[in-house]
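Beneath this line is the structure, given in C-alpha cells, with notes to follow.
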Amino acid sequence: MAEILDGKKVADAIVEECKSEVGRLSLCGITKTLAVILVGNDPASAIYVNNKKKKCEYIGIYSKTYELPEHTTQEELLALIHRLNEDLHVDGILVQLPLPAHIDENTIIMAIDPAKDVDGFHPASVGALSIGLPGYVSCTPAGIIQILKRNQIEIAGKHCVIIGRSNIVGKPMAMLMLKENATVTVAHSRTSNLKAIAKSADILIVAIGKPEFINRSYVKEGAVVIDVGVNRKADKTLCGDVLFADVAPVASAITPVPGGVGPVTIAMLMHNCVFGLE
Ligand code: GUN
C-alpha cells in the first residue's frame with residue numbers, strides 16, 4: 001500500500017518558513033504586499049481568492065484585493081495593472097484566472113511586470129525557467145517539487161511522465177523535472193498509447209482534468225503518483241484525475257485529493273511573495 005503524501009503537512013512547513021521570514025523582514029521595517037485582482041463572479045475563483053487572502057493574513061503579508069465587476073473592460077484592467085506595476089509598495093500582482101470571455105488572458109498576463117509576477121505566468125518567467133535564469137515559477141509545479149523533496153523522493157535519473165501540457169502545470173513541470181535531472185516525457189490527450197507510456201513512469205504526474213481517469217492499469221508497480229486534478233463529483237465531493245482507491249495499492253507513494261497538491265500550491269504562492277525572485 002502506498003505512502004500517502006500529505007500535502008497539508010508540506011504546505012504547513014512552507015507557510016511557517018514564510019511566517020518566520022516575514023517576522024525577520026519586519027524587524028528591518030519591510031512589509032510584503034500582494035495585490036490580488038478578481039474580475040467577475042465565478043464562485044470557485046472567489047473561494048480561491050479568499051483562501052489566498054486568509055493565508056496572507058496568517059503569514060503577515062499585506063494583501064489588497066481588487067474585486068472588479070464582470071463588465072470591467074480590458075483597458076480598465078490594464079490600467080489597474082499598470083498602476084500596480086508602478087507602485088513601489090506592491091511586491092506581487094496576481095490576476096485570478098479565468099477572466100471573463102471579453103478579456104484576453106494572454107494580454108493581461110503579459111502586462112504584469114515580470115518582477116511582480118508571483119504566479120510565474122509571464123512569458124519572461126516561463127522563459128527564465130526554461131534557460132535556468134532567476135524568475136518566478138508557477139506555484140503548482142513548484143509545489144510538486146517540494147512534495148517530492150520533502151518526502152525524500154529521489155528525482156534524479158528517474159523517468160517522469162507528465163500527463164497534461166498546460167502552460168500553468170504541464171510545461172513548467174517538465175522544465176522543473178529536467179532541472180532536477182529526471183528523464184521527462186510529456187503526454188497529453190492526443191498521445192497514442194498513453195497507457196504504455198504512463199506505465200513506464202517512475203514518477204507519474206497527472207494533470208488531465210478528467211475525473212478519476214487514471215486507474216492501476218496506467219501505473220507501474222512502485223511508481224510515485226502525483227494527482228493535480230480537482231474535480232467535483234455528482235455527489236459534490238472532490239476527486240482527482242486518479243482513481244485513488246484503485247491506484248494506491250500498487251503505487252509506492254501517492255497524493256490524495258483533497259489534501260495533496262492543492263494546499264502546497266497556495267503555500268508556494270506565499271513563498272513567492274515572501275522570498276521574491278530566486
Ligand atoms: N486559477 C486557477 N489557478 C490559478 C492560479 O494558480 N493562479 C491564478 N492567478 N489563477 C488561477
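Its Cα centre serving as origin, the chain has a Cβ charge dipole (Lys and Arg +1, Asp and Glu -1) of approximately 680 debye. How would you classify the range 215-258 from its alpha-carbon gyration tensor, with a ≥ b ≥ c the square roots of the eigenvalues: rounded for a/c under 1.5, else prolate if a/b is greater than b/c, otherwise oblate? Prolate is the answer for the range 215-258, as a/c is 1.5 or above and a/b outweighs b/c.
Here's how it looks for E212: its modeled amide H is under 5 Å from those of G240, D241, V242, which are all 5 or more places away or on a different chain. Compute the angle between helix 170-179 and the longest alpha-carbon principal axis of the chain, please, reported from 0 to 90 degrees and rounded to the nearest 10. Roughly 80 degrees, rounded to the nearest 10. Think of each Lys and Arg Cβ as +1 and each Asp and Glu Cβ as -1; about the Cα centre, that makes the dipole of the range 155-278 roughly 360 debye. With respect to the chain, whose longest principal axis is taken over its alpha-carbon atoms, helix 261-275 is tilted by about 40°. Think of it as helices only: each DSSP H run of n ≥ 4 in the chain is worth -39500 (n - 2.57), and spread over all residues that comes to -12500 deg cm²/dmol at 222 nm. Since only A187, I81, P98 are under comparison, the one whose Cα sits farthest along the positive direction of the charge dipole of the chain, derived from C-beta charges on Lys, Arg, Asp and Glu, is A187. Projecting the Cα positions of N50, M270, A142 onto the charge dipole of the chain (unit charges on Cβ atoms of Lys, Arg, Asp and Glu, taken about the Cα centre) puts A142 furthest along the positive direction.
For the range 20-37, backbone phi angles converted through the Karplus equation (6.51, -1.76, 1.60; θ = phi - 60°) give residue-by-residue couplings of 6, 5, 4, x, 5, 5, 5, 5, 8, x, 9, 10, 8, 10, 10, 9, 10, 10 Hz, Gly and Pro being listed as x. Rounded if a/c is under 1.5, else prolate if a/b is larger than b/c, else oblate: which is the chain, with a ≥ b ≥ c the root eigenvalues of its Cα gyration tensor? In terms of gyration-tensor shape, prolate. Mind checking the angle between helix 43-59 and the chain's longest principal axis? C-alpha axes, 0 to 90 degrees, to the nearest 10. With rounding to tens, the tilt is 70 degrees.
Shown here are the Rg and Dmax of the Cα trace of the range 44-112, at 12.6, 35 Å.
Just so you know, all these numbers are worked out from the coordinates, no wet-lab data involved. Predicted model, so just to flag it, every value in this text is computed and none were measured. Note that each Cβ is placed from the backbone with ideal geometry, even for glycine, and that neighbours are counted across all protein chains shown.
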